[in-house]
Amino acid sequence: MTPKTTTDDIKADDAFLRDLISSLPYGVAVLDNDGVVKFTNCAMTELSGFDIHNVRTMEDWVEKVFTDPGEHKIIEELWRQIAASADVTENDILITRKDKQKRWCQFRTTRMSNGNIIVTGMDVTDKKSLHEEARRLFAAVRDAAESIIVTDTKGDILYVNPWFEQMTGYTRDEIVGQNTRVLGSGMQDKAFYADLWATITNGKTWRGHFVNKRKDGKLFEENAVISPVLGESGDIVNYVAVKRDVTHERGLENQMQQSQKMAAVGQLAYRIAHDFTNALVVIMGNTQMAIQKALDPSAVRLHLNEVISSANHVLGLTAELLAFANPHPGVRRNIQLGKTVCGIEEMIKRAMTEKVKLSVAVDDGGCCVNVDPTQIEQVIMHLTINACEAMPEGGELRIKTYCADLSAREMMRLGAGMDQKHLCEKKYAVLSVIDAGRGMTPEQKLRVFEPFYSTKEDKKNAGLGLAAVYNIIKQHDGHITVDSIPGQGSTFNVFLPLV
């Protein structure tokens, strides 16, 4: 038999529930369907700063915490929707406290079985601030014009931003979960990485320079700052790397160094060649006189003729040096770059070995440039001979010409090393000479246009070939780049402004 509930029992239960609700850390209010306040706890008072016990209706509270009359209508309409619905609702609302502070509060309404509406409220200003701060931080990382990578303590990638995708060619889906070793180019040794890991695992920030590898195999250079991220316990839980692609800047530096080096070599070559020429003229003149005055000319003629022959050879070399050191622009005229290649195709074939197969693909017209035809033919021949020598075992030599409308950004990506004057140049005739030879290391690429430098082990035919090519292209306001990977051949691209 169920014990009979007395009035005292009901009062005791009611008092217990009121005490329980009053002790809750968030605000609670009970209203009837007309918005008349039946009960509130102290936390609801603390929420707004107003004594809610003196607030009779929903309208009274709205007038206190919403100073803008326009807000009154919005809140009143919201209350009407709540009163007409049996659904649970949740709304974040900005109120004005009694002390004039603006605070975000989250109100949740629930329909009770007796028809009343229970409203709970809590201050979520700090939570919203943290959320907004996190949103701003995420947006800053996402939109940063630098590559940002977050890894675990083993170097496995957890997050990359869009700039990383653009810089490396890997999408986020492809790279997340992989180790940072996937970017390795082999250009840094074990000691380099040992120093890096020793620094960051000891809680310090590492700063340095990488040569890394894109998804397509191309190398790029980046400056990096790698820092440990500490958890609440003080232990390292992640590493974050901020990297900036400096391939273009390094290209500009190398171009500047190359230009300065070439200028210095040119000045030295001019002085040496000039002095050599004067000395050789004296040697040849005296040798001729010695032949004429010899008692038995036939006895010395052979030896002295060898002297003259060698002197003539050196005169030819000094003439090359003088031309390199003090180049003349020649006579320029408008030509079709593709037709020029076709015009010397037979000459190119004669310079090739039987093991090398030639493939020529030229534009149908429109790639008109203003150049000295003889010098441009010299450029084509030097590049093709250089390509053939890079393939002693044979392979395919490809020559292409085409017109390109390149943006400054694309030219920077190609590493053309342009100065600001040429950044507006967008239309170029492009000559590409592509071999399937042994390729070059980054160090060799930096020196390939130096006089008398050779990438061949036996240094065969080291001379002024590519140095002369570089000078000719610069004389024509053009640019020359080299793209090469060891074991995968080389591509020389010549850019000449279109007429």
> Along segment 73-82, what does the Karplus equation 6.51 cos²θ - 1.76 cosθ + 1.60 (θ = phi - 60°) give for ³J(HN,Hα), rounded to whole Hz, x for Gly and Pro?
Replying inline: 5, 5, 5, 4, 5, 4, 5, 4, 5, 5
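If each residue of separation counts as 0.36 nm, what is the full-extension length gain between Asn179 and Lys293 once their alpha-carbon separation is subtracted?
That pair, Asn179 and Lys293, stretches by 32.9 nm at full extension.
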> Between Asp405 and Val124, what length in nm is gained on full extension when 0.36 nm per residue of separation is reduced by their alpha carbon distance?
Replying inline: 95.7 nm
> Arranged by the count of other C-beta atoms within 10 angstrom, fewest first, what order do Ser147, Ser309 take?
Replying inline: Ser309, Ser147
>> Amide H of Phe50 versus every other amide H placed in the peptide plane: which residues, excluding those fewer than 5 positions away on the same chain, fall under 5 Å?
In response: Lys98
> Under a Cβ-Cβ cut-off of 14 Å, what is the net charge of the residues other than Pro162 that fall near it, where Lys and Arg count +1 and Asp and Glu count -1?
Replying inline: -3
> Tally Lys and Arg at +1 and Asp and Glu at -1 over the other residues with C-beta under 11 Å from the C-beta of Ile399: what net charge comes out?
Replying inline: -1
> For labels at His131 and Trp104 in the simple 7 Å Cα→Cβ model, what's the distance in nm?
Replying inline: 0.5 nm
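Please go through the residue pairs Lys213/Lys400; Lys243/Lys474; Lys127/Lys243; Lys204/Lys243; Lys218/Lys339; Lys127/Lys204 and name each one whose alpha carbons sit more than 21 Å apart in this structure.
Beyond 21 Å between Cα atoms: Lys213/Lys400; Lys243/Lys474; Lys127/Lys243; Lys218/Lys339; Lys127/Lys204.
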> Where a ≥ b ≥ c are the square roots of the eigenvalues of the C-alpha gyration tensor, would you call segment 153-232 rounded, which needs a/c under 1.5, or, failing that, prolate if a/b is larger than b/c, or oblate?
Replying inline: oblate
> From the residues Pro69, Ala86, Ile118, which one has its Cα farthest along the dipole of segment 59-119 in the positive direction, the dipole being from +1 and -1 charges on Cβ of Lys/Arg and Asp/Glu about the Cα centre?
Replying inline: Ile118
> With the contact rule set at Cα under 8 Å and sequence spacing of 6 or more, what percent relative contact order holds for segment 51-175?
Replying inline: 12 percent
>> Could you list Arg56, Arg108 so that the one with the fewest beta carbons within 10 Å of its beta carbon is first and the one with the most is last?
In response: Arg56, Arg108
> At a Förster radius of 30 Å, what calculated FRET efficiency corresponds to the Cβ-Cβ distance of Glu393 and Arg447, to the nearest 0.05?
Replying inline: 0.80
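Using a cut-off of 9 Å between beta-carbons, work out the net charge of the residues near Lys243 (Lys and Arg +1, Asp and Glu -1, Lys243 not included).
Within the 9 Å Cβ shell, the charges total -2.
Any read-out appearing in this document is the output of simple, stated calculations on the displayed coordinates, not a laboratory observation. A quick note: this is a predicted structure, and the numbers were derived from the prediction, not measured. With ideal geometry, Cβ positions are generated from the backbone for all residues, glycine too; neighbour counts draw on all protein chains shown.
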